[in-house]
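A quick write-up on the structure given underneath.
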Amino acid sequence: MKDDIQATIQRTQRYWYVDGLSEIGTGSVILLMGLFYFALSLAQPGTVTALVVGVGQPVIILGGFWLASKAVTNLKERITYPRTGYVSYPRRSGKRRWGVMATSAVIAIGLTLGVTQLAASGNRALIPVVTAALIALALALLGYRFSLQRFYVLGILVMLIGLLIAWLGLTEPLSTALFFSLFGLCMIAAGTITLIRYLHATQPLVEEL
Amino acid sequence: MSSDLRAVTDVDRLIHEPSRLLIVTILYAASQVDFLFLLRETGLTKGNLSAHLSRLEQAGYVQIEKTFRGKVPQTLISLTPTGREAFENYRKQLKQIIKRISDE
């Protein structure tokens with residue numbers, strides 16, 4: 001009975017991913033980052049380029065995820081909730097919220113330091129592999145948390161992308177551009193397949209008065 | 001009555017009923033759900049689900065809010081702090097009972 005209770009809780013939490021919209025939203029932002037780095041690869045190195053990277057990157061990341069979040073919520077109102085119902089989730093508050101933010105900051109700083117260290121030691125070829133491994137780990141943890149197989153598949157795809165980029169031996173920022181573009185496209189594809197399957201399996205319902 | 005049997009009979013019978021246990025478990029994992037979601041997830045009929053929700057509302061375990069999403073009526077359900085606490089106590093009691101049985 002305890003397992004059934006936990007399985008039900010997990011199924012309810014997993015509902016956020018039922019339509020694939022969050023993967024499409026996240027994948028779109030990651031693809032945008034990839035395109036940003038592609039544009040950067042075409043620019044002349046210099047102060048202006050550095051300024052664009054310094055300002056543009058956080059704008060794309062923060063602004064992009066904010067916009068994507070709004071778009072996903074809006075699409076869920078139109079597509080998902082009329083079909084399979086509405087769920088809202090408790091927001092983390094107080095210590096838990098600060099704990100998650102602190103952990104995320106530590107991971108981000110650790111990743112940046114690790115990548116910088118790899119670059120300084122001359123092992124640039126390993127950067128895409130290490131980055132891919134960390135993202136694959138995060139996806140695997142997500143897959144385990146919500147018991148969603150497709151996140152494991154995405155993790156494997158990300159690792160393959162990392163290995164491909166390392167094998168190609170591209171220079172920066174082209175290497176990063178290709179990595180994020182392919183990763184973003186994979187997420188969009190996974191989300192789209194999920195959405196198509198969801199739409200085929202469900203119909204809008206209407207609550208009667 | 002032995003203490004083990006008493007422990008079993010002492011569980012919250014309002015939550016212990018299988019359909020209501022499912023409803024309360026779903027509500028515990030979310031902050032708010034609508035009637036359609038519960039209908040789909042529980043597999044109950046509308047009448048059955050309404051009856052169980054009424055009992056839970058009378059006990060103060062759930063809060064029901066009737067509203068509109070645009071022009072479409074929507075019933076939103078959430079667990080009250082009392083309901084949340086009752087569910088957590090129920091889970092603790094179950095764990096203790098299972099532990100006692102497995103220790104024997």
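The values are calculated or read from the model by the stated rules, or taken from the named source; none is laboratory data. Keep in mind the model is a prediction, meaning the values are calculated, not measured. Because the Cβ atoms are built from the backbone with ideal geometry, glycine has one as well, and the counts that use them run over all protein chains shown.
Structure notes:
- Filter result (surrounded by fewer than 16 Cβ atoms within 10 Å (Cβ to Cβ) and not aliphatic (A, V, I, L, M)) within the range B:85-104: B:Glu85, B:Glu88, B:Asn89, B:Lys92, B:Lys95, B:Gln96, B:Lys99, B:Arg100, B:Ser102, B:Asp103, B:Glu104
- Of the set (1) under 30 Å from A:Ala201 (Cβ atoms); (2) outside any helix (DSSP H, G or I), all apply to A:Gln44 but (1).
- Among the residues making up the range B:26-40, a single one is surrounded by fewer than 21 Cβ atoms within 10 Å (Cβ to Cβ) and more than 7 Å from every other protein chain (Cβ to nearest Cβ): B:Leu39.
- Filter pass, A:Pro204 being within 14 Å of chain B (Cβ to nearest Cβ) and touching a residue at least 12 places away in the same chain (Cβ under 8 Å): yes
- Within the span defined as the range A:131-141, every residue fails to be in contact with a strand residue (DSSP E or B) (Cβ under 6 Å, 6 or more places away or on another chain) and either touching a residue at least 40 places away in the same chain (Cβ under 8 Å) or not in a helix (DSSP H, G or I) (or both).
- Top-ranked residue in the range B:6-25 [being surrounded by fewer than 20 Cβ atoms within 10 Å (Cβ to Cβ) and among the polar types (S, T, N, Q); ranked as farthest from the other protein chains (Cβ to nearest Cβ)]: B:Thr9
So that you can scan it fast, the table gives a plain yes or no per residue for (1) in contact (Cβ under 8 Å) with a residue 12 or more places away in the chain; (2) part of a helix (DSSP H, G or I); (3) within 14 Å of another protein chain (Cβ to nearest Cβ):
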position: A:Asp3; (1), (2), (3): no, yes, yes
position: A:Thr12; (1), (2), (3): yes, yes, yes
position: A:Trp16; (1), (2), (3): yes, yes, yes
position: A:Asp19; (1), (2), (3): yes, no, yes
position: A:Glu23; (1), (2), (3): yes, yes, no
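- Of all the residues in the range A:176-209, those that are over 17 Å from the mean Cα position of the chain (by Cα) and modelled with pLDDT under 90 number 7.
- Taken over the range A:74-85, the criterion of being surrounded by 14 or more Cβ atoms within 10 Å (Cβ to Cβ) and not basic (Lys, Arg) is satisfied by A:Leu75, A:Ile79, A:Thr80, A:Tyr81, A:Pro82, A:Thr84, A:Gly85.
- Of all residues in the range A:158-180, those that are surrounded by fewer than 20 Cβ atoms within 10 Å (Cβ to Cβ) and among the polar types (S, T, N, Q) total 1.
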